[in-house]
Every structure is written in structure tokens, then in C-alpha cells.
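The values are calculated or read from the model by the stated rules, or taken from the named source; none is laboratory data. A quick note: this is a predicted structure, and the numbers were derived from the prediction, not measured. Positions of Cβ are backbone-derived with ideal geometry, glycine not excepted, and every protein chain shown enters the neighbour counts. Just the protein is used for accessible areas: all its heavy atoms, side chains included, with ligands, DNA and RNA removed. Shrake-Rupley method; radii C 1.70, N 1.55, O 1.52, S 1.80 Å.
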Amino acid sequence: MIDKSRKLSILSSLLITLSAGLLVLSIFFPWWQMVFFAPQYPEGLNIIVYPNKLEGEIDIVNGLNHYIGMENFSEENFPQLQYLSYLVIGLAAITLLVALLRNKKLLYGLIGLFMVGGVLGVITLRKALVHFGTNLSPTAPIKIDPFVPPILGHNTVANFLTNSILGYGTYFLIAAFILLLIPLWKDRKK
């Protein structure tokens, strides 16, 4: 006999299915972005990070960063871009499976998986920012103190103000996670 207290409702299953869809949708939008403003670049220069590529005025930013001895931003320096989309698709498939099976214990595991993935993503991004900002070449034409760009927010280096912001893809990921939490409240024991 099936224990109904462990079974998620049809509505909860639909919310989890929507969560899987948002995961897949997130792949097609930027997850994170840095915008660099300076008097000579009032419109700003962008580094836009998707889960599988970099876009923006990367060549210009790399040219400017050369003067302070910073390593170039390139897809080769971010090996995660080679496989991150596949991890997201795999997570979406697991999410869809949980929606089909409608099992509360599997939902708890899925939420844990989301949390671990999110924490690992933030740690990986933080490590990259520390690496780029603190491994400055001692032979650079312009000497500045090492720095760490923020994950969110702004900082100033020389005459550049840098803003770090989340992209739409990250908001889709957050919404997907929230959709997984709703069934926990909705299908709780009365």
C-alpha cells in the first residue's frame, strides 16, 4: 500500500516540473556580469558570463588589465564553462524525475542537491575573483595593490568603478529553487 503522506500532490508535481523548465531556460541567459565604468568608458565595458561562454568587451578589458598585470579573461581560464550546461541539464532531468515520482524524500534530496550546487557555484566564482585580483604580475607597467572584485556590488580600482550583478539566468535558478520549496509547505502534514 502506498503511503499517501509521502506522495506529493499533482499541483506540487507541476511546480517541480516548472522548476525543471526554468533550469533549462537559465542556460540561455547570462548568470553573472561585471560592468566597468571609467571617464574614457562612460557607457561601460562588460564581461558577461553564461554557463557555457563569455561575452562582452573582453578584448578591451583584457587590454586594460594588461597594464595592471592581471591575467586575461578567457573561456580557457574557466574550464567550468565546458561542462556547466550539462550539469544544469542533468539537474533538470533529475528535477523532472522527482516531479514524475512525486516522492517527498526525493524532493528533500533534490533540494539538498540544489543547495550544494549553489554553494559550490559561489565558492568557485569567489576563488576565480581572488585568483584574478591577487595574482598580478610584478612586471606590470602600473603597480596597484592586489584586490578582490566582489561577487555582488561595486569596487574601485584606479579610475575604474566595477559593478558586479546577477544575470537573468541566475534569477531563473533562484525561481527554480523557490518552486521546489513551495511543495514542502503545501504538502506538509496537517
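Scanning segment 123-134 for residues that are touching a residue at least 60 places away in the same chain (Cβ under 8 Å) and open to solvent by less than 60 Å² (accessible area, probe 1.4 Å) yields 125, 132, 133. Note on segment 51-86: residues that are more than 17 Å from residue 133 (Cα to Cα), open to solvent by less than 50 Å² (accessible area, probe 1.4 Å) and touching a helix residue (DSSP H, G or I) at 6+ places or on another chain (Cβ under 7 Å) amount to 3.
All of 100, 179, 106, 120 fail the test of being open to solvent by 90 Å² or more (accessible area, probe 1.4 Å), out of contact with any Pro (no Cβ under 6 Å at 6 or more places or on another chain) and under 17 Å from residue 14 (Cβ atoms), apart from 100.
Just to be sure before I move on: is residue 148 of a type in the set (A, V, I, L, M), open to solvent by less than 60 Å² (accessible area, probe 1.4 Å) and at pLDDT below 95 in the structure I sent? Taking the combined requirement at face value, the residue satisfies it.
Looking across segment 8-57, the residues that are within 12 Å of the chain's Cα centre (by Cα) and among the aliphatic types (A, V, I, L, M) come down to 23, 27, 48, 49. Residue-level check: of (1) within 30 Å of residue 42 (Cα to Cα); (2) touching a residue at least 60 places away in the same chain (Cβ under 8 Å); (3) touching a Phe, Trp or Tyr at 6+ places or on another chain (Cβ under 8 Å), residue 180 misses just (1). For segment 28-73, filtering for residues that are in contact with a Pro (Cβ under 8 Å, 6 or more places away or on another chain), in contact (Cβ under 8 Å) with a residue 40 or more places away in the chain and farther than 18 Å from residue 158 by Cα leaves 4. Only a single item in (1) more than 22 Å from residue 57 (Cα to Cα); (2) modelled with pLDDT under 95; (3) among the β-branched types (Val, Ile, Thr) is not met by residue 142, and it is number (1).
The set of residues from segment 151-165 being among the hydrophobic types (A, V, I, L, M, F, W, C), out of contact with any Ser or Thr (no Cβ under 6 Å at 6 or more places or on another chain) and open to solvent by 50 Å² or more (accessible area, probe 1.4 Å) comprises 158, 161, 165. Taken as a whole, the structure leaves residue 112 outside the set of residues that are over 18 Å from residue 77 (Cβ atoms), surrounded by 13 or more Cβ atoms within 10 Å (Cβ to Cβ) and among the small types (Gly, Ala, Ser). Which numbered condition trips up residue 42, out of (1) in contact with a Phe, Trp or Tyr (Cβ under 6 Å, 6 or more places away or on another chain); (2) open to solvent by 30 Å² or more (accessible area, probe 1.4 Å)? Condition (1) is where residue 42 drops out.
Looking only at segment 7-27, how many residues end up being under 23 Å from residue 129 (Cα atoms) and open to solvent by 70 Å² or more (accessible area, probe 1.4 Å)? Result for segment 7-27: 0. When 94, 142 are screened for being under 24 Å from the mean Cα position of the chain (by Cα) and either more than 30 Å from residue 41 (Cβ to Cβ) or touching a residue at least 24 places away in the same chain (Cβ under 8 Å) (or both), only 94 passes.
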